[in-house]
Amino acid sequence: MRKTLVILLWPIFSVGQSIGFIDVVHEKKNEPYIEVSANKNGGTAVFNRTYRSGCIGSYEIRWTFSKDLSLLQPGETFGVTLQCASCRTPCGYKWGIADVLGSNNVLKIPSYPEYTYNGNITLTSRSGGSSGVFDWQPSQLSNTYNFTYQPKKPAKLTAIAFSIAGHRIYYVFGEAKRPTSNSINCHSLLGLGKLVNSLELGAYEGYPWDWMDKTIDYALNHIAASNCLGNTYLKNLKSRMYQAGDTRVFYSEIQSYSRKLESEVASSCAACSSCTR
């Protein structure tokens, strides 16, 4: 397998540095299996949980943000609303289903070895009497968290995390500048490289079509954010991937696209010339 496309552009935050959303990372656990769909506007997590007695509960967790997270300036606040859109716990069981954590609770981020512990995105308040979303009573099925971004020490990356049924979903932030309509977003290329690598691996292993479909959607979002790459191939792949019985048939062409992407980045995204595999 080819290695992930890596963008070597990570200046350390200086005091007063603005940051912006660059990636979502799902740290998966074996049980329960969770379907996660997430972007800078919010997300959902859908799963079933089997209890010791054999009872099976079904859950859909949703979250939204109070503002666009493309740019956060020092001292700026934002809200996260977390809710049980549908939480059905059977047989009398009750448990804490989901929570949102500030950067002081993020010790590491998978796929980001350069991340260092920091506390620059801080939880300042929440609407519920306690942290998290529970199914103990209706009033605890929704909770709104308020966070403040305030740089405290040099850090390449920062993040908040959603804790859902033992899984962690990280929202990763990096150095940001005020977006302009024609500016090239180098950070989006980092996430795109990882997503294309995931598609290549998924096709090699024969992952189900719906997993591949969602990964293509994430890749298309990164292409749109880059302001320098075309999306024709991935849109075409998405239409052909729909309900595919065996995604392994797409492996060779995705591998070819992965190779061509390196040349496209080099020619079309000149401002991000420090790209390598």
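The values are calculated or read from the model by the stated rules, or taken from the named source; none is laboratory data. On a predicted model such as this, the values are computed, not experimentally measured, just so you know. Glycine also receives a Cβ, built like all others from the backbone with ideal geometry; neighbour counts cover every protein chain displayed.
Checking the structure you have, find out if any residue of region 233-245 is surrounded by fewer than 20 Cβ atoms within 10 Å (Cβ to Cβ) and under 19 Å from ILE22 (Cβ atoms). No; the residues of region 233-245 include none that is surrounded by fewer than 20 Cβ atoms within 10 Å (Cβ to Cβ) and under 19 Å from ILE22 (Cβ atoms). Against the criterion of being exposed (fewer than 13 other Cβ atoms within 10 Å of the Cβ), within 21 Å of VAL133 (Cβ to Cβ) and out of contact with any His (no Cβ under 8 Å at 6 or more places or on another chain), GLY92 qualifies.
Exactly one residue out of ILE254, ILE216 is surrounded by 12 or more Cβ atoms within 10 Å (Cβ to Cβ), farther than 22 Å from ASN41 by Cβ and without any contact (Cβ under 8 Å) to a residue 60 or more places away in the chain, and it is ILE254.
Yes/no per residue for (1) touching a Leu at 6+ places or on another chain (Cβ under 8 Å); (2) closer than 13 Å to THR247 by Cα:
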{"site": "SER188", "(1), (2)": "no, no"}
{"site": "LYS194", "(1), (2)": "yes, no"}
{"site": "TYR204", "(1), (2)": "no, yes"}
{"site": "PRO208", "(1), (2)": "no, yes"}
{"site": "MET212", "(1), (2)": "yes, yes"}
{"site": "ALA219", "(1), (2)": "yes, no"}
{"site": "HIS222", "(1), (2)": "yes, no"}
{"site": "ASN236", "(1), (2)": "no, no"}
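Quick check on region 50-63. Is at least one of its residues among the small types (Gly, Ala, Ser), touching a Phe, Trp or Tyr at 6+ places or on another chain (Cβ under 6 Å) and free of Cβ contacts under 8 Å to residues at least 60 places away in the same chain? No, because not a single residue in region 50-63 is among the small types (Gly, Ala, Ser), touching a Phe, Trp or Tyr at 6+ places or on another chain (Cβ under 6 Å) and free of Cβ contacts under 8 Å to residues at least 60 places away in the same chain.
Can THR124 be described as polar (S, T, N, Q), in a loop (DSSP other than H, G, I, E, B) and within 20 Å of SER18 (Cα to Cα)? Spelling it out, it is not the case that THR124 is polar (S, T, N, Q), in a loop (DSSP other than H, G, I, E, B) and within 20 Å of SER18 (Cα to Cα).
Taking region 109-150 as the range and being under 23 Å from ILE61 (Cβ atoms) and either without any contact (Cβ under 8 Å) to a residue 24 or more places away in the chain or outside the structural domain of GLY20 (by TED's automatic domain parsing) (or both) as the test, the residues that pass are SER125, ARG126, SER127, GLY128, GLY129, SER130, GLN137, PRO138, SER139, GLN140. Selection within region 241-271: residues that are part of a helix (DSSP H, G or I) and farther than 19 Å from ASN197 by Cα. The member of this set that is modelled with the lowest pLDDT is ALA271.
Residues in region 96-108 that are out of contact with any Ser or Thr (no Cβ under 7 Å at 6 or more places or on another chain) and either touching a residue at least 24 places away in the same chain (Cβ under 8 Å) or not assigned by TED's automatic domain parsing to the domain that holds GLU27 (or both): 5 in all. Among the strands (runs of 3 or more DSSP E) confined to region 1-119, the ones with at least 1 residues that are under 28 Å from ASN197 (Cβ atoms) and modelled with pLDDT of 90 or more are located at 19-27, 34-39, 42-50, 56-65, 96-101. Filtering region 106-153 to residues that are surrounded by fewer than 18 Cβ atoms within 10 Å (Cβ to Cβ) and either under 18 Å from GLN73 (Cβ atoms) or touching a Lys or Arg at 6+ places or on another chain (Cβ under 6 Å) (or both) leaves GLU114, GLY119, THR122, THR124, TRP136, ASN146, THR148, GLN150, LYS152, LYS153.
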